[in-house]
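Input: a single structure, listed below in structure tokens.
The values are calculated or read from the model by the stated rules, or taken from the named source; none is laboratory data. Just so you know, these numbers come straight off a predicted model, no measurement behind them. Here the Cβ positions follow ideal geometry from the backbone for every residue, glycine too, while neighbour counts run over all protein chains shown. Heavy atoms of the whole protein, side chains included, go into the accessibility calculation; ligands, DNA and RNA do not. Shrake-Rupley method; radii C 1.70, N 1.55, O 1.52, S 1.80 Å.
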Amino acid sequence: MAITTPSNSSILLSLSLLLISLSLAESQSFIGVNYGQVADNLPAPEDTANLLKSTTIGKVRLYGADPAIIKALANSGIGIVIGAANGDIPSLAADPNAATQWVNANVLPYYPASNITLITVGNEILTLADQGLLSQLVPAMRNVQNALGAASLGGKIRVSTVHSMAVLTQSDPPSSGLFNPALQDTLKQLLALLKDNKSPFTINPYPFFAYQSDPRSETLAFCLFQPNSGRVDSGNGKLYTNMFDAQVDAVHSALSAMGFQDVEIVVAETGWPSRGDSNEVGPSVENAKAYNGNLIAHLRSLVGTPLMPGKSVDTYIFALYDEDLKPGPGSERAFGMFKTDRTVLYDVGLTKSSQQTPTTPVTPAPNTAGWCVAKAGVSDAQLQANIDYACSQGIDCGPIQPGGSCFEPNTIASHAAFAMNLYYQTSGKNQWNCDFSQSATLTSQNPSYNACIYTGGST
């Protein structure tokens, strides 16, 4: 076991990040959600607005510019992304007046009461087999940006377009990330426009699809942010413990290779389906809860990625509701985190009521399951993987190093118990934080001994 004792400065940094994450617990400005509408059973816009306001979700992405939804979100403070459809691109590109009319119809009547922050022009255009739209994309974006500038909104509302991971021809290892050479000319124009206007590069990373293409148990753990041995980037030696970070950093590397490393990355879509067809690998409520719950915990930690540490990438989770009219395999209709009666399908800690009760103070019940420990019979290999994972997530594993207060007994089982519990205590104390590939359990028995104190217990 090789664990580096953290320096005083790194401990202070970890404490600072924890305090920052606590201060952001109310707004969660970096956590958004996609609100798709390919369904015939969605709640009224006002009801959806009330649902969003009852959560810590800070932003919502629409695929169009539905006026009823935009108006329903007025004065909520929730950031709104609206979209110009692929079919709008030819007219927006050909005529600046069309872009002005689009902004006049879809932005000016609602802003600033409705907090529109970004307009996406088209969805995954660069990977469609439509050369006409490809050539028209940047002119359309430029015309919309100019129309916003003419309305004195150029520095307040930005313009981008959304991409699939297929814009990259190389992503593994992350440091080798490269865009498709066939798209270089368009990307140079697009990225220059984004840089000039401080607009983000928006991307759709889906670890779910990565798992489907490599359905091994170790790949699932890597995709679900669960304990795993990690993957070392052969290009720079950095350790990756989850697929999300690897995919985002591959995009960062591709941007850097083109000289646009300062362009902000925004994750426009990512998620995991709760069900699918019988021949689909990966969809389940358990996996969806694990992915989205662990993703949210990862974002809240502000740890960042190996290439972009110390900050969280703005991330829009797909999706708010299931969409029962979407074509394709069953999983396509099952990405929702909430039911259409506005109750949670599975709880990932997004509702404000799950974090606090602001109107009627109550005395919290004693925490009768206060520590995370290993289950009986877990192999040393699994426990070592748990140690490696937990100690790579910013916790202080110094006590289980030689000379530390918890080094003795010098066994993998003892060291794993300490590391797993500390990870659980510092990651939100959600049940999924004490999963470790189903090798851990919660207990009410304090495992502390002698001078080795385990954080946790009754609150």
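Residues being open to solvent by less than 60 Å² (accessible area, probe 1.4 Å), outside any helix (DSSP H, G or I) and in contact with a His (Cβ under 9 Å, 6 or more places away or on another chain) are entirely absent from the range 125-145. If the condition is being in contact with a Ser or Thr (Cβ under 6 Å, 6 or more places away or on another chain) and open to solvent by 40 Å² or more (accessible area, probe 1.4 Å), then the range 94-124 contributes only Glu124. The single condition among (1) assigned to a helix (DSSP H, G or I); (2) buried (at least 16 other Cβ atoms within 10 Å of the Cβ) that Ala182 does not satisfy is (2). Listed by position, the helices (runs of 4 or more DSSP H) enclosed by the range 214-316 that each have at least 3 residues that are open to solvent by 10 Å² or more (accessible area, probe 1.4 Å) and modelled with pLDDT of 95 or more are 243-257, 285-301. Within the range 395-417, one or more residues are under 24 Å from Met243 (Cα atoms), open to solvent by 10 Å² or more (accessible area, probe 1.4 Å), within 23 Å of the chain's Cα centre (by Cα) and in contact (Cβ under 8 Å) with a residue 12 or more places away in the chain. Any chance you could count how many residues in the range 210-232 are more than 15 Å from Ile387 (Cα to Cα) and of a type in the set (Gly, Ala, Ser)? Total satisfying the criteria: 3. Checked against (1) surrounded by 20 or more Cβ atoms within 10 Å (Cβ to Cβ); (2) touching a residue at least 60 places away in the same chain (Cβ under 8 Å), Asn430 passes all but a single condition, namely (1).
Restricting the range 31-88 to residues that are acidic (Asp, Glu) and over 19 Å from Tyr111 (Cα atoms), the residue that is surrounded by the most Cβ atoms within 10 Å (Cβ to Cβ) is Asp88. Meeting the requirement of 1 or more residues that are among the small types (Gly, Ala, Ser) and assigned by the TED database to the domain that holds Gly293, the strands (runs of 3 or more DSSP E) wholly within the range 20-110 are 31-35, 79-84.
So, in the range 317-349, exactly how many residues are of a type in the set (Phe, Trp, Tyr), crowded, with 18+ Cβ neighbours inside 10 Å and assigned to a loop (DSSP other than H, G, I, E, B)? The total comes to 2. Filter the range 405-430 down to the residues that are assigned to a loop (DSSP other than H, G, I, E, B), farther than 20 Å from Gly394 by Cβ and of a type outside the set (A, V, I, L, M, F, W, C) and list them by number. The answer is Glu408, Pro409, Asn410, Thr411. With respect to the conditions (1) outside any helix (DSSP H, G or I); (2) buried (at least 19 other Cβ atoms within 10 Å of the Cβ), Lys198 falls short on a single one, namely (2).
Is one or more of the residues making up the range 167-178 at pLDDT 95 or above, part of a helix (DSSP H, G or I) and under 23 Å from Tyr316 (Cα atoms)? Within the range 167-178, one or more residues are at pLDDT 95 or above, part of a helix (DSSP H, G or I) and under 23 Å from Tyr316 (Cα atoms). Cβ separations smaller than 6 Å between residues 6+ apart or across chains give the following pairs from the range 141-161 residues that are in contact (Cβ under 8 Å) with a residue 24 or more places away in the chain to residues that are open to solvent by 70 Å² or more (accessible area, probe 1.4 Å) and not acidic (Asp, Glu): Asn143/Pro96. When Ala369, Ala365, Ala381 are checked against the criterion of being modelled with pLDDT under 90 and either farther than 30 Å from Ser54 by Cβ or among the hydroxyl-bearing types (Ser, Thr, Tyr) (or both), Ala381 stands alone in meeting it.
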